[in-house]
Structure formats: C-alpha cells, structure tokens
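Read-outs: derived from the displayed coordinates by stated rules, not from any lab. Quick caveat: nothing in here was measured; it's all calculated off a predicted structure. No Cβ is skipped: glycine too gets one built from the backbone with ideal geometry, and neighbour counts run over all protein chains shown.
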Amino acid sequence: MDNLTYYIQQLLTGLTVGGQYALIAIGYTMVYGILRLINFAHGDIFMAAGFFMVYMSATMPLYVSLPLTLLLTVILGVAVERIAYKPLRQAPRMSIMISAIGVSYLLQNFATYYTGGLPRPYPKIPLIGDVIVIGNVTTSWITILTPILTLALVIGLVMLIKYTKVGMAMRAVSRDFETAQLMGIKINNVISMTFVIGSFLAAVASVLFFSKYPTVTPTIGAMPGLKAFVAAVFGGIGSVPGAVVGAFVIGICENIIKAMGYTTFSDAFTFVLLILVLIFKPTGLFGEKSTEKV
Amino acid sequence: MLKIEHLSVNYGGIEAVRDISFEVEDGAIVTLIGANGAGKSTTLRTIAGLLKPKQGSITYNGEELVGKSTNEIVSRGITLVPEGRRVFPDMTVLENLKIGAYLRKDNLDADIRWVYDLFPRLEERSWQAAGTLSGGEQQMLAVGRALMSKPKVIMMDEPSLGLAPIIVQGIFEIIKEINRQGVTVLLIEQNANMALHTADFAYVLETGRITMSGPGNDLLKDERIKKAYLGK
C-alpha cells in the first residue's frame, strides 16, 4: 500500500513536471513551425520570467507583480524576435540559429551581471504551494493545478489555431510565407503573435516551476529548456499536440525512473530518448512529413 | 488602369527584367508571353510586392505601388494566383477560400456562392483537404481563393502549367468568364497559343525585354511569333 502511494505521488509529480515542460515546449514547436528556427533563447526567456517575478514581487503585491511578469516576459520575447531574428529573415537559416544562441548567452550573462550571479529566492505564492492530502497521498496544490492549467491552456491554444482567423493565418504562414503574403497576411504580425504566445506560456511555466524549485539562477533555464526541446522533437517539432504529449511522456518517465531509485539517470534518459528519436523517427510522433517547399 | 513604366528588377543575381513598360486596361485580358526565364514571373511578383524593383514605377489608377507591401497591394484590389497553384494543402477547400478573403471583414457567403457557381467541383469537395485535390481542381481552388479577395485585377502565373489539355481548355474558359464579370486579367503563359487566343492584348517578353506587342489575334498571325512560340 505504501508502495502504491509512493508511485502515485511520483506519477503526480511526473504530470506536474510534464505540464511545465509542455508549456515551454509549445514555444519551441510553434516558433519552429513558422520560422523553421530552433529558438535557443527560449529557455532563457523562461529564466528571465523567474527574475522578473523575483524583482517585481519585492516591491509590489502579487496581483500586480504576477500579471506584470507575464507582460514583461511577452515583451522580452517579442523584442528578441524583432531585434535578433527579424533582420535575418532573408538570411540562411544557420545565421538566425547562431543569432538565437547569441541571444541565449546575452540573456544569461546579463542576468549574471545584474544579479551578481547569486541565486535569488522566488517569492512564495500563497495557496498554490500549500500541501493537501488526498487519501494517503500527500501533495501540493501546484501538483494538482499544473496539469489542469496546462491542459486548459493547450486546448485554448489548439482552438485558437483551428478556429480563429489569426490561427488560420498562423497555419498559412507556417506552410508558405509567400502565398500567405499574397492572401494579404502580414507575416511579421503573425510571427510576433507566435512569440507572444510562446513567451506567455513560458512565463506561466516559470511561475509553476519556481513555486516548487524556489531559487532562480541565471542558467536555470538551460535544463528545462533542453528537456522541453526534446519533448518538442519527440512529439514531432512543429506540432502543438505532439509537444504536449512528448512533454508529459518525458515528465512522467523521468519521475518513474527517479522513483525506482535511478535519479542519476533520469536526465540521461531524456537525452537517450532524443538520440533514439532522431535515429529512428526524426519526424517524431506527430511530425509533419517533410514536404519539400517548391 | 495598371501601368508599368521602365521597370527593372534584379532577381537571383541577374537583371531578370530590363526596362519594360506596358499597360493593362481596365476590363481587358492582357497576356505576357515568353519562354522560360524571360522574366514573366518576376514581373508579376514585383507588381504583387513580393520583389522590390531596381527602378521604374508601377501605378494603379495613378497610385504608385512600388514600395507598398503585398497586403497593401492586395487591399487595393490586385491579386496574384501564384505559379504552381500553392494551395494550402492541410486546409480544407472552404478554409482555403476563406483565407483568400483574409483582408475582408464583410460577409463572405455571397462570394463563396459565386466561386462555387464558377467551380461546382469545389463545392462537392468543400470539406476535403486541398492537398488531396487533383492538379486541375487545385488550380480552380487557387483561382477561387484569389477571387475571394474581390479583386479588380487578377494576375495569373502559368495557370495551365502541368495540366491536361482538356483541363487547360476549362481553365481558359473560366478566365474569360471571370473577365466577363468585370475582373481585369493579367495572364502570363508559356502556352502562347491559348494565351493569344484568349487575350485582348499581348506583350512578348524575351530575356527581360519586351520585343513585341499587339492585339492577341494580330500576334497569332505574326510569322516570328508563329516560329518562336507556336511551333508552326
């Protein structure tokens, strides 16, 4: 019985971690879908959202600092796109990728400079960190809340992409820039919209993540960012549902491995998975078949 | 009237279009014919705002279009049916039509009806993904999609490309029908025979320059045209 409780707890943790990865992974997969760019700076946007919250909440009440954090993260994400990616729209894909790596280091180093490199404690968010007991299982609200919130956001996003005009424009742009332009779609607005959504979800993920791992450091974005990237590749990069499924699989597997006592190997598992996917099914679970653009 | 004056465009490292001037009268069907690489596509893509010209001007009813973005040009009633159809394969036929009306905010029902009446095949397949259509149906969809923006001028880049002769006949019938309903047509074609039979006025483009022009029927009788483009 105790054993079962233990595994249920681990499974719940897995779902929580998976939810956080999913929210980050959507940013990777959507940007890739539209720009064919792996946005290496995305993990650092997640990190920046953590620091925004640290500094905002130092002087402001939660109901101000939380929305402000989401807003600042969105502004940062869009600014990165406008400054570092947009001028390279016509350049070879490798250039824009290198630019993304540059932005990643810039954000990390700026955060190190500004914070002095010291880990900063993340503010306690009331209620969602509280412990609850269901039957024999002890867990926190955040563990329950994360998968539910993730699924709600994902369903909202999928509906947006499928049924709204802006969603239709996103699908068109991700297929064919030039023809989308001929329809009268403003490409740059659609691209900005993708970064708005990706950064917003990364900010939500950061609030959920740091409520459980409550210190923010300048390089904290690297690992969740990488895991989310693996999730996106596993699910089939470019596909939103794929990224979400991939993220939950990775989150749950990691925690099951930890539960079995092989904590040391849980990260290794994720990257072995990446290698296997790249070898045997490079398009991932739900990836689009590689159609050559003519 | 769409007026192109002294237009030069560099594309792919070469001067693909060199100092060309031509006019498209309202209500006419005008064609640019020429061999592969003569600069036909480059010309249309420049008018649509996808390429920036090196020099020259493009005016529509006196308004300069050079420097305007594609969406501004579309909103002025000039649309391009791109070469190779380029329908959105994952979207349904109906979604493709709706996205053609992206800039419009009014009700689309009447125009969807209009397109379906022009192309009954599209109505039968309205819920099918566009990628599953045949080449001819995709061409119909590409034209229908362009019509959804309620264009005053529709430019078509090689609408007959890769289609069976019987389908090509149908496409040209539709072009005439669209024109009868008041849409100006600027057509480029390698199929010079069909294009000249359809067009009111034609220009011949050779390596970036306009070398001949005249009413379609006159050019059909011209010896040089016969030799170079009609294989007679």
Residues whose built amide H sits under 5 Å from the amide H of B:MET212, excluding neighbours closer than 5 in sequence, are B:VAL204
With the dipole of chain A defined by +1 on each Lys or Arg Cβ and -1 on each Asp or Glu Cβ, the option from A:ILE275, A:LEU145, A:VAL240 whose Cα lies farthest towards the positive pole is A:VAL240
Ranked by GNM mean-square fluctuation in chain B (Cα springs under 10 Å), the top entry among B:ASN61, B:ASN193, B:ASN36 is B:ASN61
Note on chain A: helices (DSSP H) long enough, at least 18 Å by alpha carbon along their axis, and hydrophobic enough, mean Kyte-Doolittle at least -0.5, are A:2-35, A:42-59, A:62-80, A:93-115, A:141-163, A:187-210, A:222-235, A:240-259, A:266-280
Answer in debye to the nearest 20: the dipole magnitude of chain B about its Cα centre, from +1 Lys/Arg and -1 Asp/Glu charges placed on Cβ, is 300
For A:LYS165, counting only aspartates and glutamates whose alpha-carbon sits under 20 Å away and dropping same-chain residues fewer than eight positions off, the answer is A:ASP176, A:GLU178, B:GLU72, B:ASP90, B:GLU95, B:ASP106, B:ASP109, B:ASP111
Which of A:VAL230, A:VAL240, A:VAL173 fluctuates most in a GNM of chain A (C-alpha springs under 10 Å)? That residue is A:VAL173
Listed by chain and number, the residues whose amide H is under 5 Å from that of A:GLY236, excluding neighbours fewer than 5 places away on the same chain and using placed H, are A:LEU285, A:PHE286
Nearest 10, in degrees from 0 to 90: the angle of helix B:109-118 to the longest Cα principal axis of chain B is 60
For region A:117-128, in residue order, the Karplus 3J(HN,Hα) values (coefficients 6.51, -1.76, 1.60; θ = phi - 60°; whole Hz; Gly and Pro = x) are x, 7, x, 9, x, 7, x, 6, 9, x, 6, 5
Dividing the helical contributions, -39500 (n - 2.57) per DSSP H run of n ≥ 4, by the residues of the protein assembly as shown yields a 222 nm value, nearest 500 deg cm²/dmol, of -17500 deg cm²/dmol
From the cross-link list B:LYS52/B:LYS227; B:LYS68/B:LYS226; A:LYS162/A:LYS186; B:LYS98/B:LYS176, the entries with a Cα-Cα span beyond 29 Å are B:LYS52/B:LYS227; B:LYS68/B:LYS226
Relative to chain B, whose Cα atoms define the longest principal axis, helix B:135-147 and its Cα axis are tilted in degrees, nearest 10, by 90
Per GNM of chain A with C-alpha springs under 10 angstrom, the most fluctuating residue out of A:GLY246, A:GLY19, A:GLY156 is A:GLY156
With A:ILE187 itself left out, Lys, Arg at +1 and Asp, Glu at -1 over residues whose Cβ is under 14 Å from its Cβ give +3
Toy charge model, Lys and Arg Cβ at +1, Asp and Glu Cβ at -1: the protein assembly as shown dipole around Cα centroid in debye, rounded to 20, equals 600
Low-density loop trypsin sites (Lys or Arg not before Pro), region B:117-225, at most 11 other Cβ within 10 Å, DSSP non-H/G/I/E/B, are none
The alpha-carbon center of region A:4-48 and that of region A:158-198 are separated, in whole Å, by 23
With +1 on the Cβ of every Lys and Arg and -1 on the Cβ of every Asp and Glu, the dipole magnitude of region A:2-280 about its Cα centre, in debye rounded to the nearest 20, is 640
With Cα coordinates, the longest principal axis of chain B makes an angle with the long axis of helix B:165-180, in degrees rounded to 10, of 90
